[in-house]
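Undergrad: Got a structure here, written out as structure tokens. Questions coming.
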Amino acid sequence: MAINQNHTTEELNAVKCAIVEKLVSPGRAEFLKQLLQFNKYTVEIASTPPPKAAPVKPLAEGEVAPPPLPLPPATFTVGVTDLAFNSINAIFSRLLLTESGHVVTQAYWYQKEEVSHDEVPYYESKVKL
């Protein structure tokens, strides 16, 4: 049971994990994986199951079947095996570092900046999140 919605746990690839983010693109999943592995976390990534299909009702006589819906883009769930991990706490407690040695900022975490400007407080940042 989660303490709140920001601290959820699930089983990913048969491993109990703290969920970092859900429904992320492949590029975002790779970014988070590299960042978290650099910070010595064991990362698990699992593909998100497709949404459940609505029940199909039988067609009436002379009715044409609707065209099939396009497949949704592939999304992933990213988790770490450290069940105490919380991304919000890690960012604002300045616990994560980039490969260049800077502290991970909120804008860097959300990939709004390519370089973490940790010398600027988050409340003075001009980047819109």
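Undergrad: Would you confirm whether any residue within the range 71-78 is within 18 Å of Thr8 (Cβ to Cβ), part of a loop (DSSP other than H, G, I, E, B) and among the small types (Gly, Ala, Ser)?
TA: Looking only at the range 71-78, we keep the residues that are within 18 Å of Thr8 (Cβ to Cβ), and these are 75-78.
Then drop every residue that is not part of a loop (DSSP other than H, G, I, E, B), which leaves 75.
Imposing the further condition that a residue be among the small types (Gly, Ala, Ser) reduces the set to none.
Taking every residue of the range 71-78 in turn, none turns out to be within 18 Å of Thr8 (Cβ to Cβ), part of a loop (DSSP other than H, G, I, E, B) and among the small types (Gly, Ala, Ser).
Undergrad: Scan the range 79-94 and give yes if some residue there is assigned to a loop (DSSP other than H, G, I, E, B), without any contact (Cβ under 8 Å) to a residue 40 or more places away in the chain and surrounded by 11 or more Cβ atoms within 10 Å (Cβ to Cβ), otherwise no. Full working, then the answer.
TA: So in the range 79-94, the residues assigned to a loop (DSSP other than H, G, I, E, B) come out as 81-86, 93-94.
This time we only want the ones that are without any contact (Cβ under 8 Å) to a residue 40 or more places away in the chain, so: 93-94.
Filter once more, so that each one left must be surrounded by 11 or more Cβ atoms within 10 Å (Cβ to Cβ): 94.
Yes, the conditions are met somewhere in the range 79-94.
Undergrad: Please specify each residue of the range 95-115 satisfying the condition of being more than 23 Å from Gln5 (Cα to Cα) and surrounded by 12 or more Cβ atoms within 10 Å (Cβ to Cβ). Let's see the steps before the verdict.
TA: To start, the set of residues in the range 95-115 that are more than 23 Å from Gln5 (Cα to Cα) comprises 97-103, 112-115.
Across the range 95-115, the qualifying residues are Leu97, Thr98, His102, Val103, Lys112, Glu113.
Undergrad: In addition: Only residues that are of a type outside the set (Val, Ile, Thr), assigned to a loop (DSSP other than H, G, I, E, B) and within 19 Å of the chain's Cα centre (by Cα): list them for the range 101-115, please. Steps first, answer last, please.
TA: As a first pass, look at the range 101-115 and keep what is of a type outside the set (Val, Ile, Thr): 101-102, 106-114.
Now drop any that are not assigned to a loop (DSSP other than H, G, I, E, B), which leaves 101-102, 110-114.
Residues satisfying the conditions are Tyr110, Gln111, Lys112, Glu113, Glu114.
Undergrad: Looking only at residues in the range 14-73 that are more than 15 Å from the chain's Cα centre (by Cα), free of Cβ contacts under 8 Å to residues at least 24 places away in the same chain and surrounded by 10 or more Cβ atoms within 10 Å (Cβ to Cβ), which one is farthest from Ala90 (Cα to Cα)?
TA: Leu59
Undergrad: Here is a further query. Scan the range 101-127 residue by residue and report those that are farther than 19 Å from Asn89 by Cβ, β-branched (Val, Ile, Thr) and either touching a helix residue (DSSP H, G or I) at 6+ places or on another chain (Cβ under 6 Å) or at pLDDT 90 or above (or both).
TA: Residue satisfying the conditions is Val127 alone.
Undergrad: Out of the range 116-129, which residues are assigned to a loop (DSSP other than H, G, I, E, B) and surrounded by fewer than 13 Cβ atoms within 10 Å (Cβ to Cβ)? Spell out how you get there, then give the answer.
TA: At the first step, the residues of the range 116-129 found to be assigned to a loop (DSSP other than H, G, I, E, B) are 116-121, 125-129.
Hits for the range 116-129 are Glu119, Pro121, Lys126, Lys128, Leu129.
Undergrad: Which residues, taken from the range 1-29, are assigned to a loop (DSSP other than H, G, I, E, B) and either within 17 Å of Pro72 (Cβ to Cβ) or modelled with pLDDT of 90 or more (or both)?
TA: Asn13, Ala14, Ser25
The values are calculated or read from the model by the stated rules, or taken from the named source; none is laboratory data. Note that the coordinates shown come from a computational prediction; the quantities given were computed from them, not determined experimentally. Here the Cβ is made from the backbone with ideal geometry for all residues, glycine too, and neighbour counts use every protein chain on show.
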